[in-house]
Amino acid sequence: MSFRSFMSKVWPFGRRSEDYGYDEDGEPAPFASAVMRRNRGSSGDFPAFLSSAIDRPGIGGRKERDEVLRARLTLRDLFTPTQPVTDRSSFAGRLPVLARLIELIEEQRSHVVLYGERGIGKTSLLHVLAEVARDSDYVVGYATCGAHSRFEDIFRAMLREVPLLFHGEVAPTAAESEAGGTIADRLPKGAFDARELAELCANIVGTRVLIILDEYDRIEDPEFRQTVAELIKNLSDRAARVQIVLAGVAFNLQELIGYVPSIRRNVIGLPMPRLAGDEVRALIEIGEKASGASFDPQVARLVGALANGSPYLARLLCHHSSMKALDAGRLTIETGDFLAALDKVVDESESRLTRTTARQVRALGVHEDRDLLGAAARASTTPDGWFTREDVAHQSGGHGVEQGIERIVAAEIIEREQEGDEVRYRFRDEALPTFMWMALARDNLRGGNPEAFLKAVAA
């Protein structure tokens, strides 16, 4: 199959509108799910939810066997790829990382920076950390940072979580304490700095406070970051019963907090690794146990291979595969369901590409570069997305890598950065690696033996 033929299969340019519901024979299109039927003149075909918002069967949805409906309601929550895990019962793997994080907080009284690539499960880990900390009577404040977050707003909100009765200078029977006052009430009405905040926190007694700032990498204001660094230093110097956990997309500790020598002793960096194979299997087993559905062993292996350690991709593949089986009224997820699910995954990942990226990849048009792009996509699974020629050679077998990469650079699909003798590369569109890897995997799986594909990926 030529590269252009391949791209014509995975690119929707020129599709007819009717292809999005039923094919020419009047059958549902391969990627049309049970709940996305086009209206063909009959009320029974009109799109409808399968259940109500309170998780009861919907009056407009089709009738399903009780066990299939229960499995659907369960799996769509467990395998939701667009939302983090917020319940420890759904939390798969990562237990060593969680245990280390708890140790740093509890035993070393340290402030922690959790860092790693996008979609690697940092937010899910933080939600579970917050849950287990509250179980141990920690007062937990959780905030998701934005580009324009303000220091005063975030930390005032954090201290509203701490009842005033934990202030060492306020009697538990004081009127303001009994009226539901919080530590935030003792902050200045306007702006305040790290020193003032640390002095207030040093008066907290009778509990411990954990402040979690997620997506810290989105903060654009350097003054905000500097103030947080000063706060960490002041909290440590005063032995305050308040600890801070920062989390964000970064390759190392310094990328998130900068080079601040004065706080290096007060902060410990904790990298977030990719899921191991047994952790992906544990994720699948949680879904099987909760729903009563079962994944064919080959499907479980395919999920592990294509997820490439990404919790997001693992959940996405499990979600679409299980929904395909349930649409057919089955509780066993088979290889055919997985292959059909790849169509949806490719469509979704393609929709995230920019128009420029779409044109560039189509213009490349070189058959042998198709597999090289797939190898580069796998090689790009690093915290910062950068990879080397050696990384691509490891994924591709090493044939024609240097010339192929230069063609892709010339097509402006990837960028090159050189420092001394070191040359590294990165995709310009961060959505492209997932699209290429999923599309190429689908093409290879349809054209051959899944077992042969698994062996090739493992090699």
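Points to keep in mind about this one:
- Within region 424-459, tally of residues that are among the polar types (S, T, N, Q) and more than 23 Å from the chain's Cα centre (by Cα): 2
- Residue pairs meeting the criteria (Cβ under 7 Å; at least 6 apart or on separate chains; first outside any helix (DSSP H, G or I), in region 355-376; second modelled with pLDDT of 80 or more): Val366/Arg407
- On inspection, Ala143 does not qualify as out of contact with any Leu (no Cβ under 6 Å at 6 or more places or on another chain) and in contact (Cβ under 8 Å) with a residue 12 or more places away in the chain.
- Of the residues making up region 157-204, those that are part of a helix (DSSP H, G or I) and under 37 Å from the mean Cα position of the chain (by Cα) number 16.
- Selection from region 119-147 of residues that are open to solvent by less than 10 Å² (accessible area, probe 1.4 Å), in contact with a strand residue (DSSP E or B) (Cβ under 7 Å, 6 or more places away or on another chain) and assigned to a loop (DSSP other than H, G, I, E, B): Cys145
- Residue that is nearest to Arg370 (Cα to Cα), among those in region 408-423 that are more than 27 Å from the chain's Cα centre (by Cα) and in a strand (DSSP E or B): Val423
- Residue match in region 229-237 (condition: open to solvent by 50 Å² or more (accessible area, probe 1.4 Å) and outside any helix (DSSP H, G or I)): no
- Taken residue by residue, region 377-391 has no member that is aliphatic (A, V, I, L, M) and either touching a Ser or Thr at 6+ places or on another chain (Cβ under 7 Å) or part of a strand (DSSP E or B) (or both).
- Screening region 361-381 for residues that are at pLDDT 80 or above and more than 14 Å from Leu440 (Cα to Cα) and picking the one that is surrounded by the fewest Cβ atoms within 10 Å (Cβ to Cβ) gives Ala379.
- The number of residues in region 236-273 being of a type in the set (S, T, N, Q) and either modelled with pLDDT under 75 or under 20 Å from the mean Cα position of the chain (by Cα) (or both) comes to 3.
- Cβ-Cβ under 7 Å pairs, at least 6 apart or on other chains, region 388-414 side closer than 12 Å to Arg378 by Cα, far side open to solvent by 40 Å² or more (accessible area, probe 1.4 Å) and modelled with pLDDT of 85 or more: Thr388/Arg424
The values are calculated or read from the model by the stated rules, or taken from the named source; none is laboratory data. Just so you know, these numbers come straight off a predicted model, no measurement behind them. Every residue, glycine among them, receives a Cβ derived from its backbone with ideal geometry; neighbour counts consider all protein chains shown. Remember, those area values only see protein heavy atoms, side chains included, never the ligands or the DNA or RNA. Shrake-Rupley method; radii C 1.70, N 1.55, O 1.52, S 1.80 Å.
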